[in-house]
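Data first, discussion second: the structure below is written as structure tokens.
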Amino acid sequence: MKKNKLLPFIIIVLVLILLNMYLPSFISSLFSHHQSLKVSGYVETETIRVASQFQGIISKIYVQEGQYVHQNTLLLESLDTLDLETKISELNTRISLLNLNYQKIDDQLISLQYELNALNLQYAQTKDDFQRIKTLYKTKNTTEKKYLASLRQKKITAQKIKKFKKDLEILQKYEKENILKQITILQTQKYNLINKLAKRKIFAPSSGTITQKYIEKGELALYSKPLFEITNNQNQWIYVYVPEKNLGQIKLNQKVRIFNDTFPQKIIIGKIIYIAPEADFTPQNIQLQEDRVKTVFKVKIKVPKNNILKRGMPVDVVL
């Protein structure tokens, strides 16, 4: 009976001994495989500086700082925009008139061609009549007067055909080609003015918020001078630096957790989209010198759209 009473105690002691022997190593093994890595970085956002493509006085500005704009929204235009539009309109009028004249020449060519075809038929008939009268004249079966009249009619018809062919050639080779050359010159001028006008009107290259406005109405815009800064908060990322020894803990498309002190209760899930192929030294903005001499891998983390993070916010990333 005493042995039976001692048996539970013996089992408990054995279990405690086994736990003492194996539990620490088990826990250590568990954490060594699943221990998270915490790194820090700053939120970066797609930012575009819209530069001037011309030099001129700004006449109209259509947006203000803080305003959200869609891609291709008109931002501003220069003072000479109206003058360019007027010149383009005048060129359009001249080109239309030349096209109308070109069409008239085409109509004339068609009419002349019909007349020439009729003359060719008439000449063929006149030639046959002349050959018939010539034969009769040689055999003394017709008068010299009829023979000469037939010959004269044949020559007159041949001259008419020659004149019509000359007129056709002039219309086709000279007048028509001359109009085409004029149209080409005017279209080139129009194309250059349209390009010039396009540069006088500045449009948003992408959707986003106007975060900086560097010019005011009436000021002189210089070529390549920045006019606006557009920030697209829907395209954000974070660069972090992972120590070489921890590189095996990360992979492309891996989900990560993002934390920010401003919103401590909010966890944002990001995704690794880039891992540098080569190691580098820790960037110089790291404060401790001993950390700057460590080799690390640059990692880019994509931040999901419509989140609460803003450009420049410091964040912690748990990999």
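With respect to Lys245, is the statement that it is in contact with a strand residue (DSSP E or B) (Cβ under 7 Å, 6 or more places away or on another chain) and among the basic types (Lys, Arg) true?
So Lys245 does not fit the description; no.
Of the residues that make up segment 103-120, is at least one hydrophobic (A, V, I, L, M, F, W, C), buried (at least 16 other Cβ atoms within 10 Å of the Cβ), closer than 26 Å to Lys155 by Cβ and without any contact (Cβ under 8 Å) to a residue 24 or more places away in the chain?
no
Only one of Ser40, Ser78 is within 30 Å of Leu319 (Cβ to Cβ), touching a residue at least 24 places away in the same chain (Cβ under 8 Å) and not aliphatic (A, V, I, L, M); which?
After applying the criteria, what remains is Ser40.
Which of the residues spanning segment 261-272 are among the hydrophobic types (A, V, I, L, M, F, W, C) and within 16 Å of Val39 (Cα to Cα)?
Matches in segment 261-272: Ile267, Ile268, Ile269, Ile272.
Please find, within segment 159-191, the residue that is farthest from Asp107 (Cα to Cα) out of those that are of a type in the set (S, T, N, Q) and in contact (Cβ under 8 Å) with a residue 40 or more places away in the chain.
Gln189
Tally time: how many residues in segment 121-143 are surrounded by 14 or more Cβ atoms within 10 Å (Cβ to Cβ), part of a helix (DSSP H, G or I) and among the hydroxyl-bearing types (Ser, Thr, Tyr)?
Looking only at that region, the number is 3.
Among (1) at pLDDT below 90; (2) among the small types (Gly, Ala, Ser); (3) closer than 23 Å to Thr45 by Cβ, where does Ala279 come up short?
Single failed check for Ala279: (3).
One line per residue, one yes/no per condition, for (1) β-branched (Val, Ile, Thr); (2) part of a strand (DSSP E or B):
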position: Ile179; (1), (2): yes, no
position: Leu186; (1), (2): no, no
position: Pro205; (1), (2): no, no
position: Val240; (1), (2): yes, yes
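Output the number of residues of segment 252-266 satisfying the condition of being under 36 Å from the mean Cα position of the chain (by Cα) and free of Cβ contacts under 8 Å to residues at least 24 places away in the same chain.
Residues in segment 252-266 being under 36 Å from the mean Cα position of the chain (by Cα) and free of Cβ contacts under 8 Å to residues at least 24 places away in the same chain: 3 in total.
Suppose we filter Gln187, Gln159 for residues that are among the polar types (S, T, N, Q) and exposed (fewer than 12 other Cβ atoms within 10 Å of the Cβ); which single one remains?
Gln159
Would you call Leu197 of a type in the set (A, V, I, L, M, F, W, C), in the same structural domain as Ile105 (by TED's automatic domain parsing) and either loosely packed, with under 15 Cβ neighbours inside 10 Å or more than 30 Å from Leu79 (Cα to Cα) (or both)?
no
Would you check which residues across segment 242-266 are at negative phi, assigned to a loop (DSSP other than H, G, I, E, B) and exposed (fewer than 14 other Cβ atoms within 10 Å of the Cβ) and list them?
Within segment 242-266, Lys251, Leu252, Asp261, Thr262 qualify.
The values are calculated or read from the model by the stated rules, or taken from the named source; none is laboratory data. Treat the numbers as computed from the prediction; the structure is a model and nothing was measured. Quick reminder, even Gly has a Cβ in these numbers, built from the backbone with ideal geometry, and neighbours come from all protein chains shown.
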